[in-house]
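A short write-up of the structure that comes next.
The values are calculated or read from the model by the stated rules, or taken from the named source; none is laboratory data. These figures come from a predicted structure and were not determined experimentally. For neighbour counting, all protein chains shown are included, and Cβ atoms are generated from backbone atoms with ideal geometry for every residue, glycine included. These area figures cover heavy atoms from the full protein model, side chains too; ligands, DNA and RNA do not enter into them. Shrake-Rupley method; radii C 1.70, N 1.55, O 1.52, S 1.80 Å.
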Amino acid sequence: MSSSPAGHVARSTVRPNAETGSRTPLRTFLTAADGISIDSVYEPGGVVYDASAPSTGHPVFVVAHGFTGDVDRPHVRRVASALARHGAVVTFSFRGHGRSGGHSTVGDREVHDLAAVVEWARSLGHARVATVGFSMGGSVVLRHAALHPGTVDAVVSVSAPARWYYRGTPPMRRVHWLVTRPEGRLVARYGLRTRIHGDWDPVPLSPVEAVPKIAPTPLLIVHGDQDGYFPLDHPRMLAEAAAGHGELWVEHGMGHAEHAADDGLLARIGDWAVAQGG
(Lines give C-alpha, C1' and ligand atoms only; values in the text may rest on other atoms or scores of the structure.)
Protein backbone atom coordinates (compact mmCIF):
# COMPACT_ATOMS: atom_id res chain seq x y z
CA MET A 1 0.00 0.00 0.00
CA SER A 2 1.26 3.46 -0.83
CA SER A 3 1.63 6.07 1.89
CA SER A 4 2.73 9.01 -0.24
CA PRO A 5 1.10 12.45 0.09
CA ALA A 6 -1.01 11.72 -2.99
CA GLY A 7 -3.08 9.17 -1.11
CA HIS A 8 -3.29 5.43 -0.65
CA VAL A 9 -3.24 3.35 -3.82
CA ALA A 10 -5.10 0.06 -3.73
CA ARG A 11 -2.76 -2.87 -4.25
CA SER A 12 -3.17 -4.38 -7.72
CA THR A 13 -2.14 -7.62 -9.36
CA VAL A 14 -2.06 -5.91 -12.78
CA ARG A 15 1.47 -5.94 -14.17
CA PRO A 16 2.82 -5.65 -17.73
CA ASN A 17 3.75 -8.95 -19.34
CA ALA A 18 7.52 -9.07 -19.69
CA GLU A 19 7.36 -10.40 -23.25
CA THR A 20 4.50 -8.45 -24.80
CA GLY A 21 3.86 -5.48 -22.51
CA SER A 22 0.18 -6.50 -22.35
CA ARG A 23 -2.00 -5.65 -19.36
CA THR A 24 -5.43 -6.62 -18.09
CA PRO A 25 -8.37 -4.37 -17.15
CA LEU A 26 -9.07 -3.53 -13.52
CA ARG A 27 -11.68 -1.65 -11.50
CA THR A 28 -10.96 -0.66 -7.91
CA PHE A 29 -11.45 2.03 -5.27
CA LEU A 30 -8.47 4.23 -4.44
CA THR A 31 -8.19 6.41 -1.36
CA ALA A 32 -7.35 10.08 -1.77
CA ALA A 33 -5.03 11.86 0.68
CA ASP A 34 -8.01 13.12 2.72
CA GLY A 35 -9.62 9.68 2.96
CA ILE A 36 -12.22 9.87 0.16
CA SER A 37 -12.76 6.67 -1.87
CA ILE A 38 -12.39 7.13 -5.64
CA ASP A 39 -13.97 4.68 -8.10
CA SER A 40 -11.29 4.04 -10.74
CA VAL A 41 -11.07 1.96 -13.92
CA TYR A 42 -7.93 0.88 -15.81
CA GLU A 43 -8.10 -0.25 -19.44
CA PRO A 44 -4.97 -1.39 -21.28
CA GLY A 45 -6.09 0.01 -24.64
CA GLY A 46 -5.03 -1.17 -28.06
CA VAL A 47 -1.32 -0.42 -27.78
CA VAL A 48 1.37 -3.00 -27.05
CA TYR A 49 3.96 -1.44 -24.75
CA ASP A 50 7.66 -1.98 -25.33
CA ALA A 51 9.06 -3.19 -22.03
CA SER A 52 12.62 -2.61 -23.28
CA ALA A 53 11.96 1.14 -23.72
CA PRO A 54 9.54 2.11 -20.95
CA SER A 55 10.33 5.84 -20.99
CA THR A 56 9.27 6.43 -24.57
CA GLY A 57 6.22 5.90 -26.75
CA HIS A 58 2.64 5.76 -25.62
CA PRO A 59 1.50 7.18 -22.28
CA VAL A 60 -1.32 6.12 -20.02
CA PHE A 61 -4.13 8.69 -20.30
CA VAL A 62 -5.85 9.73 -17.07
CA VAL A 63 -9.23 11.22 -17.98
CA ALA A 64 -10.77 13.80 -15.62
CA HIS A 65 -14.48 14.25 -16.34
CA GLY A 66 -16.61 17.37 -16.07
CA PHE A 67 -19.09 18.37 -13.35
CA THR A 68 -21.96 15.83 -12.96
CA GLY A 69 -20.06 13.22 -14.98
CA ASP A 70 -18.78 9.88 -13.69
CA VAL A 71 -16.79 6.91 -14.86
CA ASP A 72 -19.87 5.08 -16.23
CA ARG A 73 -21.40 7.95 -18.20
CA PRO A 74 -21.57 7.22 -21.95
CA HIS A 75 -19.69 10.41 -22.90
CA VAL A 76 -16.83 9.50 -20.55
CA ARG A 77 -16.68 5.96 -21.93
CA ARG A 78 -16.59 7.34 -25.49
CA VAL A 79 -13.60 9.55 -24.65
CA ALA A 80 -11.85 6.58 -23.05
CA SER A 81 -12.47 4.42 -26.12
CA ALA A 82 -11.06 7.06 -28.44
CA LEU A 83 -7.91 7.61 -26.38
CA ALA A 84 -7.40 3.83 -25.98
CA ARG A 85 -6.19 3.81 -29.59
CA HIS A 86 -3.16 5.77 -28.39
CA GLY A 87 -2.40 4.14 -25.04
CA ALA A 88 -3.82 2.72 -21.85
CA VAL A 89 -6.58 4.74 -20.18
CA VAL A 90 -7.58 5.33 -16.57
CA THR A 91 -10.99 6.84 -15.90
CA PHE A 92 -12.45 7.62 -12.49
CA SER A 93 -15.32 9.38 -10.75
CA PHE A 94 -14.46 12.53 -8.85
CA ARG A 95 -15.61 12.75 -5.23
CA GLY A 96 -19.34 13.29 -4.93
CA HIS A 97 -19.91 11.72 -8.35
CA GLY A 98 -21.09 8.22 -9.21
CA ARG A 99 -19.89 5.54 -6.79
CA SER A 100 -17.04 7.61 -5.34
CA GLY A 101 -17.37 8.83 -1.78
CA GLY A 102 -17.57 12.31 -0.33
CA HIS A 103 -18.99 15.48 -1.84
CA SER A 104 -17.96 17.52 -4.86
CA THR A 105 -15.98 20.67 -4.14
CA VAL A 106 -16.30 21.71 -7.80
CA GLY A 107 -12.58 21.75 -8.58
CA ASP A 108 -10.89 22.31 -5.21
CA ARG A 109 -10.18 19.05 -3.32
CA GLU A 110 -10.61 17.09 -6.56
CA VAL A 111 -6.86 17.62 -6.97
CA HIS A 112 -6.45 14.94 -4.25
CA ASP A 113 -8.54 12.53 -6.34
CA LEU A 114 -6.45 13.08 -9.45
CA ALA A 115 -3.19 12.77 -7.50
CA ALA A 116 -4.21 9.33 -6.19
CA VAL A 117 -5.23 8.16 -9.67
CA VAL A 118 -2.00 9.40 -11.28
CA GLU A 119 0.03 7.56 -8.64
CA TRP A 120 -1.98 4.40 -9.32
CA ALA A 121 -1.35 4.70 -13.05
CA ARG A 122 2.38 4.88 -12.36
CA SER A 123 2.17 1.85 -10.05
CA LEU A 124 0.78 -0.22 -12.93
CA GLY A 125 4.11 0.09 -14.71
CA HIS A 126 3.55 3.11 -16.94
CA ALA A 127 6.51 5.45 -17.24
CA ARG A 128 4.56 8.28 -18.88
CA VAL A 129 1.26 9.77 -17.72
CA ALA A 130 -0.85 12.32 -19.61
CA THR A 131 -3.81 13.95 -17.87
CA VAL A 132 -6.78 14.96 -20.03
CA GLY A 133 -9.48 17.01 -18.30
CA PHE A 134 -12.81 18.42 -19.46
CA SER A 135 -14.56 21.53 -18.02
CA MET A 136 -14.27 21.11 -14.23
CA GLY A 137 -11.81 18.31 -14.90
CA GLY A 138 -9.90 20.67 -17.17
CA SER A 139 -9.42 23.05 -14.26
CA VAL A 140 -8.36 20.15 -12.02
CA VAL A 141 -5.62 18.89 -14.37
CA LEU A 142 -4.17 22.42 -14.49
CA ARG A 143 -4.23 22.81 -10.72
CA HIS A 144 -2.85 19.30 -10.16
CA ALA A 145 0.11 19.90 -12.49
CA ALA A 146 0.89 23.15 -10.65
CA LEU A 147 0.49 21.75 -7.13
CA HIS A 148 2.18 18.40 -7.84
CA PRO A 149 5.01 19.38 -10.20
CA GLY A 150 6.79 16.62 -12.08
CA THR A 151 4.14 13.95 -11.47
CA VAL A 152 2.74 13.98 -15.02
CA ASP A 153 4.38 14.17 -18.44
CA ALA A 154 1.72 16.06 -20.41
CA VAL A 155 -1.41 18.04 -19.55
CA VAL A 156 -4.46 18.57 -21.78
CA SER A 157 -7.20 20.93 -20.57
CA VAL A 158 -10.41 21.02 -22.63
CA SER A 159 -13.21 23.60 -22.15
CA ALA A 160 -11.82 24.76 -18.80
CA PRO A 161 -12.61 28.03 -17.03
CA ALA A 162 -9.75 30.45 -16.45
CA ARG A 163 -11.23 32.04 -13.32
CA TRP A 164 -13.68 31.17 -10.58
CA TYR A 165 -17.24 32.46 -10.00
CA TYR A 166 -17.94 33.10 -13.68
CA ARG A 167 -21.68 33.71 -14.27
CA GLY A 168 -21.61 35.38 -17.65
CA THR A 169 -23.59 32.75 -19.58
CA PRO A 170 -26.99 31.15 -18.89
CA PRO A 171 -25.51 27.65 -18.45
CA MET A 172 -23.06 28.92 -15.84
CA ARG A 173 -25.83 30.73 -13.99
CA ARG A 174 -27.66 27.39 -13.82
CA VAL A 175 -24.50 25.70 -12.52
CA HIS A 176 -24.16 28.34 -9.81
CA TRP A 177 -27.80 27.73 -8.82
CA LEU A 178 -27.05 24.00 -8.48
CA VAL A 179 -23.94 24.63 -6.41
CA THR A 180 -25.01 27.50 -4.14
CA ARG A 181 -28.73 27.00 -3.48
CA PRO A 182 -30.12 24.29 -1.18
CA GLU A 183 -32.80 23.40 -3.71
CA GLY A 184 -30.16 23.28 -6.45
CA ARG A 185 -28.10 20.82 -4.44
CA LEU A 186 -31.16 18.61 -4.05
CA VAL A 187 -31.63 18.61 -7.82
CA ALA A 188 -27.94 17.79 -8.29
CA ARG A 189 -28.06 14.95 -5.75
CA TYR A 190 -31.22 13.21 -6.90
CA GLY A 191 -31.43 14.27 -10.54
CA LEU A 192 -27.76 14.35 -11.55
CA ARG A 193 -26.23 11.87 -9.04
CA THR A 194 -23.86 14.57 -7.79
CA ARG A 195 -23.41 15.40 -4.10
CA ILE A 196 -22.08 18.93 -3.51
CA HIS A 197 -20.10 20.39 -0.59
CA GLY A 198 -20.54 23.92 0.77
CA ASP A 199 -18.62 27.08 -0.08
CA TRP A 200 -14.84 27.24 -0.51
CA ASP A 201 -12.80 28.39 2.48
CA PRO A 202 -10.19 29.41 1.54
CA VAL A 203 -10.70 30.05 -2.18
CA PRO A 204 -8.37 27.66 -4.04
CA LEU A 205 -5.70 28.53 -6.58
CA SER A 206 -7.52 29.40 -9.82
CA PRO A 207 -6.71 27.79 -13.19
CA VAL A 208 -5.15 30.98 -14.58
CA GLU A 209 -2.98 31.26 -11.46
CA ALA A 210 -1.96 27.61 -11.81
CA VAL A 211 -0.86 27.71 -15.46
CA PRO A 212 2.46 29.58 -14.98
CA LYS A 213 3.52 26.91 -12.46
CA ILE A 214 3.10 24.02 -14.92
CA ALA A 215 6.22 24.57 -17.07
CA PRO A 216 8.24 22.68 -18.21
CA THR A 217 5.50 20.02 -18.44
CA PRO A 218 3.96 20.13 -21.95
CA LEU A 219 0.56 21.85 -21.89
CA LEU A 220 -2.29 21.85 -24.42
CA ILE A 221 -5.36 24.07 -24.02
CA VAL A 222 -8.39 23.17 -26.18
CA HIS A 223 -11.57 25.21 -26.45
CA GLY A 224 -14.51 25.43 -28.83
CA ASP A 225 -15.51 28.71 -30.41
CA GLN A 226 -19.17 27.77 -29.76
CA ASP A 227 -18.72 26.93 -26.08
CA GLY A 228 -21.92 27.98 -24.32
CA TYR A 229 -20.41 27.90 -20.83
CA PHE A 230 -17.08 29.72 -21.12
CA PRO A 231 -16.41 32.17 -23.97
CA LEU A 232 -13.05 32.47 -25.69
CA ASP A 233 -11.58 34.96 -23.23
CA HIS A 234 -11.12 32.00 -20.87
CA PRO A 235 -8.74 29.91 -23.03
CA ARG A 236 -6.99 33.06 -24.18
CA MET A 237 -6.35 34.05 -20.56
CA LEU A 238 -4.93 30.59 -19.90
CA ALA A 239 -2.71 30.73 -22.99
CA GLU A 240 -1.46 34.18 -22.06
CA ALA A 241 -0.65 32.96 -18.54
CA ALA A 242 1.38 30.13 -20.07
CA ALA A 243 3.69 32.81 -21.55
CA GLY A 244 4.50 30.84 -24.69
CA HIS A 245 4.91 27.50 -22.94
CA GLY A 246 1.52 25.97 -23.77
CA GLU A 247 -0.32 25.40 -27.05
CA LEU A 248 -3.85 26.72 -27.69
CA TRP A 249 -6.24 25.01 -30.08
CA VAL A 250 -9.45 26.93 -30.79
CA GLU A 251 -11.80 24.45 -32.43
CA HIS A 252 -14.22 25.84 -35.01
CA GLY A 253 -17.84 24.87 -34.36
CA MET A 254 -17.10 23.02 -31.13
CA GLY A 255 -19.31 23.40 -28.08
CA HIS A 256 -18.50 22.39 -24.51
CA ALA A 257 -16.45 19.54 -23.03
CA GLU A 258 -16.78 15.78 -23.64
CA HIS A 259 -20.12 15.94 -25.46
CA ALA A 260 -18.63 18.31 -28.04
CA ALA A 261 -15.25 16.62 -28.50
CA ASP A 262 -15.58 14.49 -31.62
CA ASP A 263 -13.45 11.46 -32.44
CA GLY A 264 -11.25 13.50 -34.77
CA LEU A 265 -10.34 15.96 -32.01
CA LEU A 266 -9.74 13.15 -29.51
CA ALA A 267 -7.44 11.46 -32.04
CA ARG A 268 -5.43 14.67 -32.43
CA ILE A 269 -5.21 15.01 -28.64
CA GLY A 270 -3.95 11.43 -28.44
CA ASP A 271 -1.36 12.06 -31.16
CA TRP A 272 -0.21 15.24 -29.39
CA ALA A 273 0.28 13.45 -26.09
CA VAL A 274 2.20 10.61 -27.71
CA ALA A 275 4.44 13.12 -29.51
CA GLN A 276 5.45 14.74 -26.21
CA GLY A 277 7.44 11.59 -25.43
CA GLY A 278 9.96 12.53 -28.08
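Data for the structure
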| read-out | value |
| --- | --- |
| Point-to-point label distance, GLN226-ARG174, nm (Cα→Cβ direction, 7 Å offset) | 1.7 nm |
| Length released on extending from ALA267 to GLU183, taking residue separation times 0.36 nm less the Cα-Cα span | 26.3 nm |
| Residue among ASP108, ASP201, ASP263 with the largest mean-square fluctuation in a Gaussian network model of the chain, springs linking Cα atoms under 10 Å | ASP201 |
| Residue order for TRP200, TRP177 - accessible surface, 1.4 angstrom probe, largest first | TRP177, TRP200 |
| Label-point gap, in nm, between LEU248 and ASP199 - each point 7 angstrom along Cα→Cβ | 3.2 nm |
| Residues with amide H under 5 Å from that of ASP262, placed H, sequence gap 5 or more | none |
| In Hz, Karplus ³J(HN,Hα) per residue of segment 226-240 (6.51, -1.76, 1.60; θ = phi - 60°; x = Gly, Pro) | 10, 5, x, 9, 10, x, 5, 5, 5, x, 5, 4, 5, 5, 5 |
| Accessible surface, segment 29-185, averaged per residue in Å² (probe 1.4 Å) | 32 Å² |
| Angstrom value of the Kirkwood radius, inverse mean 1/r, which spans all Cα pairs in segment 103-196 | 14.5 Å |
| Sulfur and carbon atoms: percent of accessible area, the chain [1.4 Å] | 54 percent |
| Cα gyration tensor shape of segment 150-211, rounded if a/c is under 1.5, else prolate or oblate by comparing a/b with b/c | prolate |
| Gain upon complete extension [LEU147, LYS213; 0.36 nm per residue less C-alpha separation] | 23.0 nm |
| Tail weight of P(r) past 35 Å, computed on alpha-carbon pairs of the chain, percent | 10 percent |
| Dipole moment magnitude, nearest 20 debye, segment 77-233 about Cα centre, only Lys, Arg, Asp, Glu C-beta charged | 540 debye |
| For the chain: relative contact order, % (alpha-carbon pairs under 8 angstrom, 6 or more apart) | 18 percent |
| Amide H partners (placed H, <5 Å) of LEU220, local residues excluded | VAL155, VAL156, SER157, GLU247 |
